[in-house]
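Below: the structure, in structure tokens.
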Amino acid sequence: METKTIYREEYMKKLQNYKDKKIIKVLTGIRRAGKSTILEEFRKELIKNGVSKKNIIAINFEDNNNKELLDAQKLHDFIIKNTDPKCQNYIFLDEIQNVDGFQKCVDSLFLRNYLDIYITGSNSYMLSGELATFLTGRYIQIHVLPLSFKEYITYYGENDELKKYNEYAIYGGFPYLINLEKTEEKMQYLDSIYNTVIIKDVINRKEVNDVLILEDICRFLFDNVGSYVSTKKISDTLASAGRKNSVHTVEEYLNALLESYIIYKVNRFDIKGKQLLKTQEKYYLSDMGLRTYLLGKNYSKDLGHILENIIFLELKRRGYRIFIGKNDNSEVDFIVENEDDYIYIQVALSVRDEQTLMRELRPLETIPDHYKKYIITLDYDTNNYNGIKQISALDFLTDRCKL
């Protein structure tokens, strides 16, 4: 049976914009987010627009048929031998981090003006160290996330958006899920993603010694999305449950999860002092389906934090720099940087209760500047409270409402 895919328009536009420009296109993101499929669709467009298949080389380094090319020098020689310097050639290197010493290989290939290079990787480590040194100013990172809610309902249809949002909040947006209908199949697929990422990108690469501690840290983070977290708090929580650990170990494992794009860290920002704070960060997940897999479907007590996580991912998709706001003793869920302006955002499941509305308005009302301020809720209501706009989360997620 043919695998169904979704055309990822926003990512395709970015690739088309950078096509033939002297810059390496680096697609990053958690495994199974759709990086390989996006490049496959882009290759199809190249061929449709007249590029000969002879001028395209595509190598997936997780395919055992390509194991000979895991040697950086052999890979380099293969590409040089099989490309024509008299015309433009397109090089696609999928999961390049599997090639030991790939940085020097890519750097050398970049010197050839007839090669247009596209690479993907499933951990941020590939963009640190030598690659950053070799390619500073010569690559553009395109970060790929699982399906947005807008992409999700474009495929499934726009009838009963709230019901579809609830499904999306449970199973997430990993693209291949559109091929699975039964709950059991979806959970098995999420299981395979979780274990593949944990084993390949964390345990093996970081040589993790205590897998149970790593899984406990995952469970803690998944259960505390949108809450202030510190390595000491995680360490103390594990210790109280009988899991001996050190703050250093927690910090190492936490960094490994960040590098594998399983979680994202958001720092606090002092609104009055206009400076970053170094304590009490928040962590958000790359996809809510992983949370459902690890913690189970009984997640109703955290619907507000789940909405907050989904809003965070949408803000990230749109390219904002995102912070958590501190204004004296009050908190603002998100501050996003938009060119030279800031936008302040509170996220709440509902503000139809007057006390809840007052609680959400208060942090925004005490901010002395005149930048835009929003409350985003799952209510269908839209309101304006002395310049603070209440908007529907579904309108925001489907791009019907711009910030």
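Given contacts defined as C-alpha pairs under 8 Å and at least six residues apart, what's the relative contact order of the chain, whole-number percent?
13 percent
Explain nothing, just compute: Karplus ³J(HN,Hα) = 6.51 cos²θ - 1.76 cosθ + 1.60, θ = phi - 60°, for every residue of region 318-323 in order, whole Hz, x for Gly and Pro.
7, x, 6, 7, 10, 9
With axes computed from alpha carbons, what is the tilt in degrees of helix 303-317 against the longest principal axis of the chain, rounded to the nearest 10 within 0 to 90?
With both axes taken from Cα atoms, the answer is about 40 degrees.
Determine the calculated [θ] at 222 nm for the chain from helices alone, applying -39500 (n - 2.57) to every DSSP H run no shorter than 4 residues and normalising by the residue count; nearest 500 deg cm²/dmol.
Helices in the chain give a 222 nm mean residue ellipticity of -11500 deg cm²/dmol.
Can you tell which of 267, 16, 255 lies farthest toward the positive end of the dipole of the chain, using +1 and -1 charges on the Cβ of basic and acidic side chains (Lys, Arg; Asp, Glu)?
Of the options given, the answer is 16.
Students often check this: by mean Cβ neighbours within 10 Å, which of 232-240, 61-69, 345-353 ranks highest, and how do the rest follow?
Going from most to least packed, we get 345-353, 232-240, 61-69.
Would you mind classifying region 149-397 by shape? Square roots of the alpha carbon gyration tensor eigenvalues, ordered a ≥ b ≥ c; an a/c under 1.5 is rounded, otherwise it is prolate if a/b is larger than b/c and oblate if not.
Since a/c reaches 1.5 but b/c is at least a/b, the shape of region 149-397 is classed as oblate.
Please list 3J(HN,Hα) in residue order for region 100-112, calculated via the Karplus relation 6.51 cos²θ - 1.76 cosθ + 1.60 where θ = phi - 60°; whole Hz, with x for glycine and proline.
5, x, 5, 4, 5, 4, 5, 4, 5, 4, 4, 5, 7
So who's got an amide H within less than 5 Å of the one on residue 173, skipping anything under 5 residues away but keeping other chains? H placed 1.01 Å off N, in plane.
For residue 173, the qualifying residues are 147, 288, 289.
Simple spin-label model, 7 Å along Cα-to-Cβ: residue 150 to residue 362 in nm?
Once both label points are built, they end up 3.5 nm from each other.
Quick check: net charge around residue 9, other residues with Cβ under 13 Å of its Cβ, Lys/Arg +1 and Asp/Glu -1? Show your work: numbers first, answer last.
On the way: positive: 8, 13, 14, 150, 317; negative: 10, 41, 45, 151, 399.
Taking every other residue near residue 9 into account, the sum is 0.
Can you list the HN-Hα couplings for region 256-271, worked out from phi with the Karplus curve (6.51, -1.76, 1.60; θ = phi - 60°), rounded to whole Hz and with x for Gly and Pro?
Those phi angles translate into 5, 5, 5, 5, 8, 6, 6, 10, 10, 9, 10, 7, 7, 10, 7, 5 Hz.
Once you have a ≥ b ≥ c as the square roots of the Cα gyration tensor eigenvalues for region 296-403, tell me rounded if a/c is under 1.5, and otherwise prolate or oblate according to whether a/b is larger than b/c.
Cα axes put region 296-403 in the rounded bin.
Sorted from largest down, what three extents in whole angstroms do the Cα atoms of region 9-143 have along their principal axes?
36, 33, 32
Strictly over 21 Å apart at the Cα level, which of 297/326; 53/86; 244/282; 14/48; 182/297 would you flag in this model?
Distance filter (> 21 Å) returns 297/326; 244/282.
No value in this document is a laboratory result; all are computed from the given coordinates. Worth saying up front: this structure is predicted, and the values here are computed from it rather than measured. When we count neighbours, we look across all protein chains shown, and the Cβ atoms used for this are built from the backbone with ideal geometry, even at glycine.
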